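Heads up, the thing below is written out as structure tokens.
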Amino acid sequence: MKSSHHLLLGAHMSVSGGFDQAIVRAESIGCTAMQIFTKSNRQWHAKVVDPNDAASFKAAVAQSSLELHNIIVHATYLINIGSPDKAIEKKSVQAVLTELDRCQMLGIPYLVLHPGSHTNSDEKTCLNRIADNLNYILEHTHTSVSILLENMSGQGSTVCDSFEQLHTVYRQSDHKKKLGFCFDTCHAFAAGYDFRTKKGYDNMWKAFEELLGIKKIKAMHINDSKRECGSHVDRHEDIGKGKIGTHAFELLFNDPRFFDVPKILETPNKELAAYKHNMDIIKKHLSASTRKKLLVP
């Protein structure tokens with residue numbers, strides 16, 4: 001582990017007005033990490049990234065307090081590479097390839113992807129289909145970008161709410177070096193992982209380490225949960241206002257294993273002031289030792 005670290009904390013930023021404007025917004029509230037969409041998350045169509053816009057984005061990053069390796073892209077929510085519908089499956093695979101190309105143009109190393117939903121099929125078939133499609137995608141991409149599979153809440157027919165299901169997909173990968181994980185706190189809690197106590201926290205990470213490996217976590221989504229543990233309902237809440245509470249986040253942010261992992265807020269209110277308020281709450285729960293190690297005044 002590095003001898004010096006920085007607090008890597010930020011939020012999902014709008015790219016309205018240009019990719020470089022996301023940097024301006026992030027800087028305005030003190031983000032040291034950031035997540036963006038590179039296209040509308042509600043449409044399949046993706047306008048080609050203008051090389052000039054990509055250059056402006058990289059220049060803005062170079063002049064900011066952020067670094068490209070602490071910025072992540074979230075893939076559109078429409079994608080379902082586990083779909084039994086062949087047309088949706090084909091469209092989803094192509095969409096992931098397009099998203100990877102867009103990340104490469106912007107110099108962003110990670111693409112966060114929801115693994116998929118089984119809809120009217122079964123979980124086992126869906127998981128195998130996801131693994132097969134990931135192998136196809138990573139065989140046919142010409143980028144250096146890695147895919148980060150996000151753990152899900154298990155709402156509806158979504159899969160990969162358990163570490164075991166993520167393991168089922170990961171162990172079938174022919175490209176493990178290009179696969180990692182984005183850990184979502186709300187999703188894990190909704191899926192039944194209760195990490196509100198030190199014992200629960202330690203047990204959760206022990207299970208993750210045994211099945212997937214903690215070092216494979218390259219990003220985190222930091223959200224409280226509106227609903228109870230094990231509800232399988234994906235409803236994000238502001239830090240400390242939900243059912244998870246602040247102690248779990250205190251354990252997480254003071255854990256040196258995750259100091260170098262970018263942590264991204266996806267709390268309900270997308271206003272910059274609301275994001276900054278959540279960031280301030282988290283900072284209040286850093287120990288004196290952590291503040292010193294992360295150079296937080």
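The values are calculated or read from the model by the stated rules, or taken from the named source; none is laboratory data. None of the values given here were measured: they were computed from a predicted structure. In this analysis, Cβ positions are derived from the backbone assuming ideal geometry, glycine residues included, and neighbour counts consider all displayed protein chains.
Which one is nearest to Asn70 (Cα to Cα) among residues in segment 107-131 that are in contact with a helix residue (DSSP H, G or I) (Cβ under 6 Å, 6 or more places away or on another chain) and surrounded by fewer than 22 Cβ atoms within 10 Å (Cβ to Cβ)?
The residue in question is Pro109.
Mind checking which residues of segment 256-275 are assigned to a helix (DSSP H, G or I) and either buried (at least 19 other Cβ atoms within 10 Å of the Cβ) or at pLDDT below 95 (or both)? Spell out how you get there, then give the answer.
Step one: filter segment 256-275 for residues assigned to a helix (DSSP H, G or I), giving 256-258, 272-275.
Answer for segment 256-275, where residues must be assigned to a helix (DSSP H, G or I) and either buried (at least 19 other Cβ atoms within 10 Å of the Cβ) or at pLDDT below 95 (or both): just Tyr275.
Could you identify the single residue in Tyr193, Tyr201 that is outside any loop (DSSP other than H, G, I, E, B), surrounded by 15 or more Cβ atoms within 10 Å (Cβ to Cβ) and not acidic (Asp, Glu)?
Numbers: Tyr193 fails: outside any loop (DSSP other than H, G, I, E, B).
That would be Tyr201, the only listed residue that is outside any loop (DSSP other than H, G, I, E, B), surrounded by 15 or more Cβ atoms within 10 Å (Cβ to Cβ) and not acidic (Asp, Glu).
Name, by its number, the condition in (1) closer than 22 Å to Met220 by Cβ; (2) exposed (fewer than 14 other Cβ atoms within 10 Å of the Cβ) that does not hold for Ile29.
Answer for Ile29: the failing condition is (2).
Take segment 45-73 and flag every residue that is modelled with pLDDT under 95 and surrounded by 15 or more Cβ atoms within 10 Å (Cβ to Cβ).
Quick first cut of segment 45-73, residues modelled with pLDDT under 95 only: 45-48, 65.
Ala46, the sole residue that qualifies.
Collect the residues in segment 221-233 that are out of contact with any Cys (no Cβ under 7 Å at 6 or more places or on another chain) and either in contact (Cβ under 8 Å) with a residue 24 or more places away in the chain or under 19 Å from Glu250 (Cβ atoms) (or both), keeping them in residue-number order.
Listed by number, the residues that qualify are Ile222, Arg227, Cys229, Gly230, Ser231, His232, Val233.
Pairs please, first residue from segment 269-285 and more than 20 Å from Leu295 (Cβ to Cβ), second anywhere and surrounded by fewer than 16 Cβ atoms within 10 Å (Cβ to Cβ), Cβ atoms under 7 Å, 6+ apart in sequence or on different chains.
Leu272/Ser28
For segment 189-216, name all the residues that are free of Cβ contacts under 8 Å to residues at least 12 places away in the same chain and either at positive phi or of a type in the set (A, V, I, L, M) (or both).
Gly213
Among helices (runs of 4 or more DSSP H) lying entirely in segment 1-119, which contain 1 or more residues that are more than 30 Å from Lys283 (Cβ to Cβ) and without any contact (Cβ under 8 Å) to a residue 24 or more places away in the chain? Outline the logic, then answer.
Values: elements: 19-28, 51-62, 86-106.
In segment 1-119, the matching helices (runs of 4 or more DSSP H) lie at 51-62, 86-106.
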